[in-house]
1. Being among the aliphatic types (A, V, I, L, M), out of contact with any Leu (no Cβ under 6 Å at 6 or more places or on another chain) and part of a helix (DSSP H, G or I) narrows it down to one residue among Ala358, Ala318, Ala332; which is it?
2. Do we have any residue at all in the range 173-180 that's aliphatic (A, V, I, L, M) and open to solvent by 40 Å² or more (accessible area, probe 1.4 Å)?
3. Any idea which residue in the range 92-101 is nearest to the chain's Cα centre (by Cα), counting only those that are closer than 20 Å to Ile380 by Cα and either assigned to a helix (DSSP H, G or I) or of a type in the set (Phe, Trp, Tyr) (or both)?
4. Please work out if Val458 is closer than 24 Å to Leu217 by Cβ and modelled with pLDDT of 85 or more.
5. Limited to the range 43-88, what total is found for residues that are of a type in the set (Ser, Thr, Tyr) and either in a loop (DSSP other than H, G, I, E, B) or touching a Leu at 6+ places or on another chain (Cβ under 7 Å) (or both)?
6. Which numbered condition in (1) more than 18 Å from Thr168 (Cβ to Cβ); (2) open to solvent by less than 10 Å² (accessible area, probe 1.4 Å) is the only one that Asp342 fails?
7. Which one of these does Thr351 not meet: (1) over 30 Å from Ala212 (Cβ atoms); (2) in contact with a Gly (Cβ under 9 Å, 6 or more places away or on another chain)?
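The values are calculated or read from the model by the stated rules, or taken from the named source; none is laboratory data. Small disclaimer: the values here were computed from a predicted structure and weren't measured. Cβ sites come from the backbone with ideal geometry, for glycine too, and all protein chains shown count toward neighbours. Areas reflect the complete protein model, heavy atoms only, side chains present, ligands, DNA and RNA absent. Shrake-Rupley method; radii C 1.70, N 1.55, O 1.52, S 1.80 Å.
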Amino acid sequence: MADAENSNKWTTLDRDLNRISRVEMATAYVARPLVGPGIALAFMVIAALVAMLAFGTTSGSLIIAAAAAFGAYMAINIGANDVANNMGPAVGANALTMGGAIAIAAIAESAGALLAGGDVVSTISKGIIDPSGMQSTEIFIWAMMAALISSALWVNLATWVGAPVSTTHSVVGGVMGAGIAAAGMAAVSWPTMGKIAASWVISPVLGGAIAAAFLALIKARILYQEDKIAASRRWVPILVGVMAGAFSAYLAVKGLKRIVKIELEIALLIGVVGGLAVWALCVPLIRRQSEGLENRNKSVKTLFGLPLVVSAALLSFAHGANDVANAVGPLAAIVHTTEFGDFASKVAIPTWVMVIGAFGISFGLFLFGPKLIRMVGSQITKLNPMRAYCVALSAAITVIVASWLGLPVSSTHIAVGGVFGVGFYREWHMERRLQKSSANRPVERRIAREERRRRKLVRRSHFMTIIAAWVITVPAAALMSASIFWLLSLML
C-alpha cells in the first residue's frame, strides 16, 4: 500500500514537473520576440545617461537626454532598414552568410560613421527650413525633436511592414512637417523640396538602368560566349577595375568629407587611377583563379564572389559616413541650441553624439536587420553573384553621376532600383528568347505566353509595397512630425 502511494506521488510530481517545463518553454518562446526591443530600449536609456553625463546638470540636460534617446532610436531604425540595401544583394547571391554580412556591415558602418562621418551637419537637414522663421529657440528645439521622433517612427513602421525606405527622405519629411507646424508654409524651401521629389524618380530609374546595362554586358560578353573562361579572363578584370574606380571616386566624393574635402574632378581622377591599378592587379589573379574551371556559367559566378563582398563592405562604410547624420543631425541641432541659446545653419557634432549614432546603427542591424536583408536579397527577385555585382556597381556610379549633375539622390532608392532593374531586365530578356523560340509555331507560342505569365521574375506584391512606401514617406513623416510638434506644444 505504501509503495503504491509513493508511486502515485512520484507520478504526480513528474507530471507537475513536465507541466512546469512546458510553461518555461512556452514563456521562453513568447519572450523571444521581446529580446530585441528590450536590448534596443536599454541602449536608448544608456544613450540618455551618456548625454546627461556629457552635458552636465544644467537646466537643459533633461531635453538633451530625451533627444539622445530618440537619436539612438533613429540610429537603430537606420541600421534595421537602410543597411539591408548594402548587404542584401551579397546575402541573396550566397556570397556572404547572414552572420558574416552583419559582422562586416557593423564594422564598416561604425568605421564610416566614426572615421569619415561629417563633423558639420546642417541643423535643418540640407536647407529644408529656415530656422530664423522660428519665434524662439524653444520652438526650434521642439520642432527638431518632433522631426527626430516622427522620422524614427516612420522608418520603424516601414521596417515592420518590410519596405526599405529612404531614411534621408524620412528626416526631410519630419523637418518639413515640424517647420510648417512651427513657422508656416513660408519656412520651407520649396525649390529644395522639388529637387528631393525629383530624386524619387531619378534615383531608382537611374540605378535600375545602370544595373541592367551591366548585366546585359556580362551576358553578351561572357555568358553567351563559346569559351566562357577565356571571356572571363578578359572581361572580369575590366569589370572589377570599373568597380574599384567607381568606389574610389564614390568614397572620395561622399565618404571622406571629414578627413579632407575633395572636388568631383579630383575624385574622378582618383577613380581612374584606382581602377587602372586594380585592373592590372586582377589580370594575373583572375587567370590563376580560373585555372581548372569548367566552361559553365556556374564557374563564372565564383569569379564575382570576392569583388561582391568587398563592394558590400565599401558601400556600408560610405553609408555609415553619410547617413549617420540622419540620426544625429537633429540631435546635434538640439544640443547646440540648448547649449548656446541661438540658431546656427551648421554645428559641430560632439564625439559622444557620433558614437551614439554609430553604435545605434550597428545595434539596429544586429537586432532587426535580417528581415530587410532577406527582402532585398532574395524576395524581390532571385540574385546570383553577377546580378548582385551589377546592383552594387550601379549604386556607386549613380551617386557619382548625381553628384556631377547636382541632384539629391537616395542610396536606398538606388540600390533597390538596381535590384528591380536586374529583375525586369531578366523578364524582358526571357520574353525575347521565348518569342524567338516560338516564332511561326502556334502551339509553342501559346506555351510561351503561359510560361511568361507563370514566370514573373520580379514579385509584383513587393514592388507595389515598396513603391507605395517611397511615395508616401515624405508626406507621412511630415504629417506625423506636425502632429507630434502640436502635441509637444500642448504638453510643454
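1. On the way: Ala358 fails: out of contact with any Leu (no Cβ under 6 Å at 6 or more places or on another chain); Ala318 fails: out of contact with any Leu (no Cβ under 6 Å at 6 or more places or on another chain).
Within the list Ala358, Ala318, Ala332, the selection yields Ala332.
2. Going residue by residue through the range 173-180, those that are aliphatic (A, V, I, L, M) are 175-176, 178, 180.
Still in the running and open to solvent by 40 Å² or more (accessible area, probe 1.4 Å): 180.
Checking the range 173-180: at least one residue is aliphatic (A, V, I, L, M) and open to solvent by 40 Å² or more (accessible area, probe 1.4 Å).
3. Step one: filter the range 92-101 for residues closer than 20 Å to Ile380 by Cα, giving 92-98, 101.
Of the ones still in play, those that are also either assigned to a helix (DSSP H, G or I) or of a type in the set (Phe, Trp, Tyr) (or both) are 92, 98, 101.
Details: Gly92: 15, Met98: 15, Ala101: 13 Å.
The selected residue is Ala101.
4. Taking the combined requirement at face value, the residue does not satisfy it.
5. We begin by selecting, within the range 43-88, every residue of a type in the set (Ser, Thr, Tyr); these are 57-59, 61, 73.
Next, from what is left, pick out any that are either in a loop (DSSP other than H, G, I, E, B) or touching a Leu at 6+ places or on another chain (Cβ under 7 Å) (or both): 57-59.
So the answer is 3.
6. (2)
7. Among (1) over 30 Å from Ala212 (Cβ atoms); (2) in contact with a Gly (Cβ under 9 Å, 6 or more places away or on another chain), Thr351 violates only (2).
Results for (1) among the basic types (Lys, Arg); (2) modelled with pLDDT of 85 or more; (3) open to solvent by 50 Å² or more (accessible area, probe 1.4 Å), shown as yes or no for each residue.
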| position | (1), (2), (3) |
| --- | --- |
| Ala2 | no, no, yes |
| Ala48 | no, yes, no |
| Ser59 | no, no, yes |
| Tyr73 | no, yes, no |
| Asn77 | no, yes, no |
| Asn86 | no, no, no |
| Leu96 | no, no, no |
| Ala113 | no, no, no |
